[in-house]
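Student: Take this structure first; my questions come after.
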Amino acid sequence: VHLIDTHAHLDYSDFDADRDLILRRARDAEVAEIITIGTRVDSSAAAVKLASAHPGVWCTVGVHPSEAGEAGAGYLDEIRKLCSVKRVVAIGEIGLDYHRLPSQIKPDPLRETFAATVSQDPLELRNQIEDDAYKNAQALVFREQLDLAVELGLNIVVHQRDAWEDTLSILDEYRGQVRGVFHCFGGAVDQARELVALGHLISFTGIVTFKNAKQVQETARLMEPGTFMVETDCPYLAPHPHRGQRCEPSHTRLVAEKIAELRGTTVQRIAEQTTATAREFFRFNP
Ligand SMILES: [Zn+2]
């Protein structure tokens, strides 16, 4: 068995105390290769360093949508520079994330008083403007990195959360020029097929092992070989029976085993299929 964890955050401080141990545990679980994913300029540089130091570790570089506001003026040149390292296999993770918009995270004690006394709520308007600015900043950073991916001929790792339509509409501007993997896919089979029809792929995390994840289990059961990969998104999303604990790359095996069970096949078969898909998509050879 040769599995690839196609989405890990090995640079995160969660692994500082025992990173080497965790890499060994991955090998013991036959998770032979890991792609560590950049989320900011500094984390991308750290990902490149890790991939350069450890055989079997590859990396992506990019600025995550939630970090878009902090990206800074020179970020794109920094990312471009990092791409010259051979271990870089894609731009990512990039995309759109509307899960926590400014209007939803800010405490708003005045709102109720105002709403009760005026017919048009001025805070509503202010929130709208702030949310739009936040979304526009993400879209700009997403597009700039998509342009870079086209320029360098790299594929992308897509982070999409609560922003399905806007993500697809931006990607549509790049149709036929860049392929993406929608990582941590949690949607229905129709949505997955829509992505595949556009030339993209999906990948499954430990969520597929959760009891309440019927929809994504159905997707994992039905998608054709060659359309999906496996990942952990560690340190997040530890699969059953580790749910709630720190996740690590060795858990990729539990994800693959669950998918094998759902599809009535063996973990060997799932490993062969998802590893071939990852090799083709990220264009690397062992
Ligand atoms: Zn991630």
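Student: Work out the charge dipole of the chain with +1 on the Cβ of Lys and Arg and -1 on the Cβ of Asp and Glu about the Cα centre, then indicate which of 122, 275, 98 is farthest towards its positive end.
Tutor: Positive-end residue among those listed: 275.
Student: At a 1.4 Å probe radius, which order do 49, 211, 258, 81 fall into by accessible area, largest first? Before the final figure, lay out the partial values.
Tutor: Working: 49 155, 211 180, 258 45, 81 130 Å².
Listed by decreasing accessible area, they come as 211, 49, 81, 258.
Student: For the chain, what is the calculated [θ] at 222 nm in deg cm²/dmol (nearest 500), taking -39500 (n - 2.57) for each run of four or more DSSP H residues and dividing by its residue count?
Tutor: Per the formula, -14000 deg cm²/dmol.
Student: Just to be sure I understand: of the beta bridges DSSP finds with both ends in the chain, what percent are antiparallel, rounded to 5?
Tutor: On the way: 0 of 26 bridges.
The antiparallel fraction comes to roughly 0 percent.
Student: From a point 7 Å beyond the Cα of residue 221 in the direction of its Cβ, which residues of the range 247-286 have a backbone N at a distance under 19 Å?
Tutor: So the set is 255-267, 270.
Student: According to a simple spin-label model (label point 7 Å from Cα along Cα-to-Cβ), what is the distance in nm between residue 28 and residue 104?
Tutor: In this crude spin-label approximation the distance works out to 3.9 nm.
Student: I've got another one for you. To the nearest 20 debye, what is the magnitude of the charge dipole of the chain about its Cα centre, counting +1 on the Cβ of each Lys and Arg and -1 on the Cβ of each Asp and Glu?
Tutor: 920 debye
Student: Share of the chain's accessible area from carbon and sulfur, percent, 1.4 Å? Each step should come with its number before you reach the end.
Tutor: Values: 6730 of 13280 Å².
For the chain, the apolar C and S fraction of the accessible surface comes to 51 percent.
Student: Might you work out the accessible area of residue 66 for me, using a 1.4 Å probe with all protein chains in place, and round it to the nearest 10 Å²?
Tutor: We get 60 Å² for residue 66.
Student: Let me check I've understood the local charge: for residue 52, count other residues with C-beta under 10 angstrom from its C-beta, Lys and Arg +1, Asp and Glu -1. What total comes out?
Tutor: On the way: positive: 49, 86, 87; negative: none.
Residues close to residue 52 contribute a combined charge of +3.
Student: Moving on to the next point. How many Å² of accessible area per residue for the chain, probe 1.4 Å? Walk me through the intermediate numbers first.
Tutor: Values: 13280 Å² over 286 residues.
Each residue of the chain exposes 46 Å² on average to a 1.4 Å probe.
Student: Provide the gained length on full extension for the span residue 212 to residue 128, in nm with one decimal, where the gain is 0.36 nm per separating residue minus the Cα-Cα distance.
Tutor: Working: separation 84, 0.36 × 84 = 30.24 nm, distance 3.35 nm.
Length gained between residue 212 and residue 128: 26.9 nm.
The values are calculated or read from the model by the stated rules, or taken from the named source; none is laboratory data. Nothing here was measured: the structure is a model prediction, and the numbers come from that model. Cβ sites come from the backbone with ideal geometry, for glycine too, and all protein chains shown count toward neighbours. Just the protein is used for accessible areas: all its heavy atoms, side chains included, with ligands, DNA and RNA removed. Shrake-Rupley method; radii C 1.70, N 1.55, O 1.52, S 1.80 Å.
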